[in-house]
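Notes follow the structure.
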Amino acid sequence: MHMYLMHAFGLDWAVVWGGQLLFDTLVFTLTFRKLISVRSLGKWSYMALSLRDGALYFAVMTATNVANIIAYLVIADPYERSMLNFPTNMLCAVMVSRLMLNLRDLEHELMA
């Protein structure tokens, strides 16, 4: 019974990380679709930056989320199972900060 509960909790956490992956995929897809539909020449630098940083964020977060999901489904020990939580959350904060700083730098370049 105890092992069943541990596996069930692992499955629950895998579903949670899968939901985050699904949400990131939805946001990236909608943003990408919007960026390629905009045809204004004045917005190309913003579009290029958003596409580059958005694609990088999506790639890094997809890789870490998939690793997290696999860890929760495969590893039996609950302490080892959650070993990727901190690096995943840290990478998310770093990638979002990078995106915001690059957008701020672009704004300063366009205003100068």
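The values are calculated or read from the model by the stated rules, or taken from the named source; none is laboratory data. Since the model is a prediction, treat every value here as computed from it, not as a measurement. So basically every Cβ, Gly included, is an ideal-geometry build from the backbone, and we count neighbours across all protein chains shown. Just so you know, the surface numbers come from the protein's heavy atoms only, side chains and all, with ligands and any DNA or RNA stripped out. Shrake-Rupley method; radii C 1.70, N 1.55, O 1.52, S 1.80 Å.
Around V60, with a cut-off of 14 angstrom between Cβ atoms, what is the net charge of the other residues, counting Lys and Arg +1 and Asp and Glu -1?
That sum, taken over residues with Cβ under 14 Å, equals 0.
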Area accessible to solvent at R98, 1.4 Å probe radius, in Å²: 90
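For a distance above 15 Å, tell me the whole-number percent of Cα pairs in the stretch 41-112 that qualify.
Numbers: 1580 of 2556 pairs.
Across the stretch 41-112, Cα pairs with separations above 15 Å total 62 percent.
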